[in-house]
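Student: I'd like to ask you about the structure that follows.
Values quoted throughout were computed directly from the atomic coordinates according to the rules given, and no laboratory measurement underlies them. Keep in mind that this is a model prediction, so the values were computed, not measured. Every residue, glycine as well, gets a Cβ built from its backbone with ideal geometry; the counts of neighbours run over all protein chains shown.
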Amino acid sequence: MKKRIFIALLLVAAAWAAGRHMTRTDSAGDAAARGDIHRTFELQPGARVEVHSINGPVTVETSETDVAEIHVTRTARDPGDAVEQKILIDHDATSLVVRGERGGGRGFWRWFFGGGGGRSAETRVALKLPRRVEFEAHGVNGAVTIGEVDGLLTLRGVNGRVEARQTEGRAKVSGTNGGVLLTFARVGEKGVEVSGVNGRVQFRLGAEAAADIAGHGVNGGFNVTIPGATVERERHGTRFSARVGAGGPRVEISGVNGDISFERAN
């Protein structure tokens with residue numbers, strides 16, 4: 001068990017370090033890259049969307065459309081602080097990537113102890129996407145909020161709260177320094193994995209959702225308020241299991257420093 005907890009702590013530390021890196025690093029942007037960015041593209045059903053290396057919050061709205069809208073706002077809380085992180089957008093009909101370009105030239109110790117400017121600079125990414133996409137976000141120093149998507153959802157290395165919705169739960173969440181709220185109409189055959197979270201983890205399941213739940217290496221409470229669910233937990237351990245409805249698809253949880261709860265979605 002000590003090994004599992006150690007791995008979980010490493011994942012949380014990685015999320016914290018990603019946030020520190022995004023906050024401390026300044027990149028080779030130019031004047032054009034410092035204003036708002038607004039782009040519109042068409043995406044095919046099943047396209048893959050990725051957002052990474054962002055120093056600020058990421059929000060995603062979804063709807064029944066084939067058009068993706070990107071809006072990036074870059075600000076500096078200190079008027080004398082330059083906004084230096086450059087935002088790059090790569091796309092075609094089957095993929096869309098929005099990423100921050102990281103600069104170099106700083107020694108590790110200077111970064112770690114906070115050397116350099118640009119620390120008050122923030123980038124906000126707001127996307128409007130088709131519902132039928134796969135979505136991944138990693139290396140984000142801020143909250144991540146995602147509307148309902150149909151495809152695989154992958155979130156890792158987030159230094160902030162995570163909220164996400166899916167029609168069919170197929171999700172992997174890891175290395176998050178903040179609370180997690182996941183809402184699924186049902187749990188997909190490939191299941192859900194949550195690991196290395198420093199914060200409370202909440203699951204809200206639709207009325208017809210069924211799942212087998214297994215957890216280990218959890219430093220916190222475990223509460224299931226879904227009628228008819230069966231729950232087992234070691235009296236003095238960190239393992240637990242539960243079955244919702246007829247069971248089947250798996251929800252696996254490990255290395256969480258916080259309470260875990262399951263309830264029916266409204």
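Student: In a shell of Cβ-Cβ distance under 12 Å around Ala93, excluding Ala93 itself, what net charge do Lys and Arg (+1) and Asp and Glu (-1) give?
Tutor: Within the 12 Å Cβ shell, the charges total -2.
Student: Now a separate question. Based on the alpha-carbon gyration tensor of segment 155-266, what equivalent-ellipsoid semi-axes (square roots of 5 times the eigenvalues) come out, in whole Å, largest first?
Tutor: Equivalent ellipsoid of segment 155-266: 19, 17, 11 Å, largest first.
Student: Just to confirm a number: summing +1 for Lys and Arg and -1 for Asp and Glu over residues other than Asp66 whose beta-carbon lies under 13 angstrom from that of Asp66, what do you get?
Tutor: Residues close to Asp66 contribute a combined charge of 0.
Student: How far is the Cα center of segment 124-146 from the Cα center of segment 49-65, in Å?
Tutor: So the separation of the two Cα centres works out to 2 Å.
Student: For segment 143-213, evaluate the Debye formula with one uniform point scatterer on each Cα (no solvent term) and list log10 I(q)/I(0) at q = 0.21 Å⁻¹, rounded to two decimals.
Tutor: Relative scattering, expressed as log10 I(q)/I(0), comes to -0.82.
Student: Can you list the aspartates and glutamates whose alpha carbon is less than 19 Å from that of Lys86, not counting same-chain residues fewer than 8 positions off?
Tutor: Straight-distance partners of Lys86: Asp26, Asp30, Asp36, Glu50, Glu69, Asp78, Glu101, Glu122.
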